[in-house]
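Here, each number is a calculation from the coordinates, and none is a lab measurement. For clarity, every value in this text was computed on a predicted model and none was experimentally measured. For neighbour counting, all protein chains shown are included, and Cβ atoms are generated from backbone atoms with ideal geometry for every residue, glycine included.
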Amino acid sequence: MNDVKLAVLGGEGTGKSESIYSKHLYLEGKQLNLEIYDPCSQPQKAKFSLTSELHWADGFVIVYDISDRSSFALAKALVYRIREPQTSHCKRAVESAVLLVGNKQDLCHVREVGWEEGQTLALDNRCQFCELSAAEQCLEVEMMFIRIIKDILTNFKLKEKRRPSGSKSMAKLINNVFGKRRKSV
């Protein structure tokens, strides 16, 4: 069984709730133990003390409110923090899966953040992107979670391929760096 750890990040008022969820599910014939951490409105988290989340989580859902420019600014800062070179490599052989979500699409009549802005931020930082209304589109929310979980599982497979397998890999590495072993004279 794979353990999948997902952090849902974003500011207050973006439609998130502070909680830790655990769920067992089957996806593509595999049993998963899914843990979702949602630190939502903890004031200390707003200062980007994400160190524990960055080490704990296998992937991130970053949520902003399309009708609130300041929530988009926080989302942008979170994306940059996750994609910083020193944090990207702290625990992983592959980059974390990140999904940027513009929430409250039902409030498009008071939109402050354009779809293009969210899409550009996501593309520039190697993230997936979607806009939805969590209050009105429960199927889209479910599909969003499935999408990020599939990305995380793909990353697990990539990590397994990159993992060295004992002394043979080390010998290959040494040979590649120093050339083939020569016989002593």
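For Y26 and R69, what does the FRET efficiency come to when R0 = 35 Å and r is the distance between their Cβ atoms, rounded to the nearest 0.05?
0.30
Are there trypsin sites (Lys or Arg not before Pro) in region 114-152 that DSSP puts in a loop and that have at most 15 other Cβ atoms within 10 Å, and which ones?
On the way: sites: R126, R147, K150; in loops: R126.
Counting only loop positions with at most 15 other Cβ atoms within 10 Å, the trypsin sites (Lys or Arg not before Pro) in region 114-152 are R126.
At 7 Å along Cα-to-Cβ for each site, give me the label-to-label distance between E84 and K150 in nm.
3.2 nm
So how far apart, in nm, are the two label points at N33 and E136 if each is 7 Å from Cα heading toward Cβ?
Here the modelled spin labels are 4.0 nm apart.
Can you compute the modelled spin-label distance between M143 and W56, with each label point 7 Å from Cα toward Cβ, in nm?
So the two model labels end up 3.0 nm from each other.
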